[in-house]
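The values are calculated or read from the model by the stated rules, or taken from the named source; none is laboratory data. All values derive from a computational prediction rather than experimental measurement. Every residue, glycine among them, receives a Cβ derived from its backbone with ideal geometry; neighbour counts consider all protein chains shown. Just the protein is used for accessible areas: all its heavy atoms, side chains included, with ligands, DNA and RNA removed. Shrake-Rupley method; radii C 1.70, N 1.55, O 1.52, S 1.80 Å.
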Amino acid sequence: MIKNEKENLMEKIVALAKRRGFIFPGSEIYGGLAGTWDYGPAGSLLKKNIKDLWWKEMAQFRDDIVGMDAAIMMNPKAWEASGHVESFSDPLIECKLCHRRFRVDKEEEEIKEHEESHDGKTVEWTEPKKFNLLVKTYLGVVEGEQTEIYLRGEITNGVQVNFKNVVNSTRVKIPFGIAQIGKAFRNEITPGNFTFRSREFEQMEIQFYIKPDETEGKKWFEYWKQNRMDWYLSLGMKEENLRFRDHADDERAHYAQAATDIEYNSPWGWQEFMGVHHRGNWDLSRHQEFSGQDMSYYDSETGEKYIPWDIETSAGVDRSLLFILIDAYREDEERTYLKLNPRLAPYKMAVFPLLANKPELVELARTIYGDLKNKYMVAWDDRGNIGKRYYAQDEIGTPWCVTVDFDSLEDKQVTVRDRDTMKQERIAIGELEKYVEEKLK
Ligand code: GAP
């Protein structure tokens, strides 16, 4: 795709996301707040489906992973221990003409474009400065007596400080993982590319604790890389749009001894989708040092006592949603549609009465809609003509549309139209639930 086409594609996706209730700019009626986004009816469902599938795969199907949900606000000492107060920073440079700031490590192209935007004037830049990404806030009721705290910059820390609580309250044995999904906040210097880099976002993470051993470390690091790649492929993402990229020594986060990203071939180039990090014993040993509490693990079978290593998989929910949307976007002469995996689609079905002014059709359609809703998210639409309703559901990615017509009153069948093939077939009303169930398998 050439550059204009790619920009065009992003504009179309942003417009569709707003038009169909996926994503709205945060606080839009007040002019917005940079780096924040609100998820509408379709977007919040898609997001929930991504998280639910992830949670099922990790915390429900596997015996070696348990889940937890830690507080966003933590004792600030936890952030000193984890190294974020000292090292969670991006290098930024500032244009001396207009004071706009850029990330010197990641925004080469933007910096070039900015230099050209000053109409031939020579742009001078400040020396790179480290800029801490932790978002600060205050806790307490009396002004002046409030404690400065941080909103969590990554969700990891709440899991690490609870390592012993989880070991002592469950039957887990190393190797085992702790799954968590939750919000994180970063004072990003340049939020942008729609939701790609936001200041408030959600993460889905596994901290997988293993024996501190080189062979084990390599084995599990490779295992989780492939496991995560396979998951995105199982959601129907195009293989040619995904690849691994190992981090160079000088770009790894302060906690990681090895790191690999899964990258996505986005309209603005290959970009980080999610990361697998070998955190070694960084977190647990630092929390042991700063809290004075023993964070080691006792293996009752071998009699060994050690601080485990941690292999982490960390994915942005918002970034997953964005790349899933881009990957699913289809356009031809006739229509635009989202070829979302049905398991991810916000609505599994939409139900329409052929004509909204025929009470007998509306009544039967309402009954079918009510029955299906007991099991799935289902959309209802009785506005405009059938063509327009198909058009709207295609853009939301609804896999099957069910129309109740006059024949339905007699033969107790409905027309089911498939989003991808646009083929229509007659299905008995009593078979609809089974029909969807089969397709979702
Ligand atoms: N616990 C490790 C960690 O947070 P990270 O590479 O900083 O590692 C992991 O972030 C993932 O979180 C990224 O790969 C991305 O999917 C998502 N993410 C990070 N910063 C983000 C931001 N500003 N906006 C949206 N998603 C972000």
Notebook entry, point to check: Which of the following residues is closer than 23 Å to LYS434 by Cβ and either modelled with pLDDT of 95 or more or not assigned by TED's automatic domain parsing to the domain that holds ARG20 (or both): GLY384, GLY370?
Noted result: GLY370
Notebook entry, point to check: Out of all the residues in region 93-111, which are among the basic types (Lys, Arg) and within 30 Å of the chain's Cα centre (by Cα)?
Noted result: ARG100, ARG101, ARG103, LYS106
Notebook entry, point to check: Can you tell me which residues in region 185-205 are among the aliphatic types (A, V, I, L, M) and over 16 Å from PHE102 (Cβ atoms)?
Noted result: MET204
Notebook entry, point to check: For SER266, are the conditions met, namely being at pLDDT 95 or above and of a type in the set (Gly, Ala, Ser)?
Noted result: yes
Next item on the list: Please list, ordered by first then second residue, the pairs with beta carbon atoms under 9 Å, 6 or more apart or interchain, first in region 311-323 and among the hydrophobic types (A, V, I, L, M, F, W, C), second near the ligand (Cβ under 8 Å from one of its atoms) and not in a strand (DSSP E or B).
Entry: LEU321/THR195; LEU322/THR195; LEU322/PHE196; PHE323/PHE196
Item checked: Any chance LYS219 is over 23 Å from ASN49 (Cβ atoms), in contact with a Phe, Trp or Tyr (Cβ under 8 Å, 6 or more places away or on another chain), among the charged types (D, E, K, R) and more than 15 Å from the ligand (Cβ to nearest atom) -> no
Next item on the list: Take region 6-28 and flag every residue that is open to solvent by 70 Å² or more (accessible area, probe 1.4 Å) and touching a residue at least 24 places away in the same chain (Cβ under 8 Å).
Entry: GLU7, LYS12, ARG19
Check: In region 79-94, is there at least one residue being among the β-branched types (Val, Ile, Thr), assigned to a strand (DSSP E or B), open to solvent by less than 50 Å² (accessible area, probe 1.4 Å) and over 20 Å from MET204 (Cβ atoms)?
Finding: yes
Notebook entry, point to check: Which one of these does LEU33 not meet: (1) open to solvent by 40 Å² or more (accessible area, probe 1.4 Å); (2) part of a helix (DSSP H, G or I); (3) among the aliphatic types (A, V, I, L, M)?
Noted result: (2)
Notebook entry, point to check: Right, PHE131: touching a residue at least 12 places away in the same chain (Cβ under 8 Å) and within 11 Å of the ligand (Cβ to nearest atom) or not?
Noted result: no
Notebook entry, point to check: Based on what the data block shows, is TYR39 among the aromatic types (Phe, Trp, Tyr) and either open to solvent by 70 Å² or more (accessible area, probe 1.4 Å) or not assigned by TED's automatic domain parsing to the domain that holds VAL317 (or both)?
Noted result: no
Next item on the list: Can you give me the ranges of the strands (runs of 3 or more DSSP E) entirely in region 239-340 with at least 2 residues that are more than 24 Å from PHE163 (Cα to Cα), more than 12 Å from the ligand (Cβ to nearest atom) and open to solvent by 10 Å² or more (accessible area, probe 1.4 Å)?
Entry: 242-246, 269-280, 329-331, 336-338
Margin query: Which count do you get for residues in region 354-385 that are open to solvent by less than 60 Å² (accessible area, probe 1.4 Å), farther than 11 Å from VAL404 by Cβ and among the charged types (D, E, K, R)?
Written below: 1
Check: Given the structure, is ASP230 over 30 Å from LYS305 (Cα atoms), open to solvent by 50 Å² or more (accessible area, probe 1.4 Å) and more than 10 Å from the ligand (Cβ to nearest atom)?
Finding: yes
Check: Across region 54-75, which residue is nearest to ARG343 (Cα to Cα) among those that are open to solvent by less than 30 Å² (accessible area, probe 1.4 Å) and outside any strand (DSSP E or B)?
Finding: TRP54
Next item on the list: Might you let me know whether region 386-394 holds any residue that is closer than 18 Å to ALA42 by Cα, small (Gly, Ala, Ser) and out of contact with any His (no Cβ under 9 Å at 6 or more places or on another chain)?
Entry: yes
Note to self: Are there helices (runs of 4 or more DSSP H) fully within region 106-207 with at least 2 residues that are open to solvent by less than 10 Å² (accessible area, probe 1.4 Å) and in the same structural domain as MET295 (by TED's automatic domain parsing)? List them.
What the structure shows: 156-160
Item checked: Candidate set: region 157-167, residues that are in contact (Cβ under 8 Å) with a residue 60 or more places away in the chain and out of contact with any helix residue (DSSP H, G or I) (no Cβ under 7 Å at 6 or more places or on another chain); chosen: the one nearest to the ligand (Cβ to nearest atom) -> VAL159
Notebook entry, point to check: In this structure, is PHE194 in contact (Cβ under 8 Å) with a residue 12 or more places away in the chain, away from the ligand (no atom under 12 Å from the Cβ) and out of contact with any strand residue (DSSP E or B) (no Cβ under 7 Å at 6 or more places or on another chain)?
Noted result: no
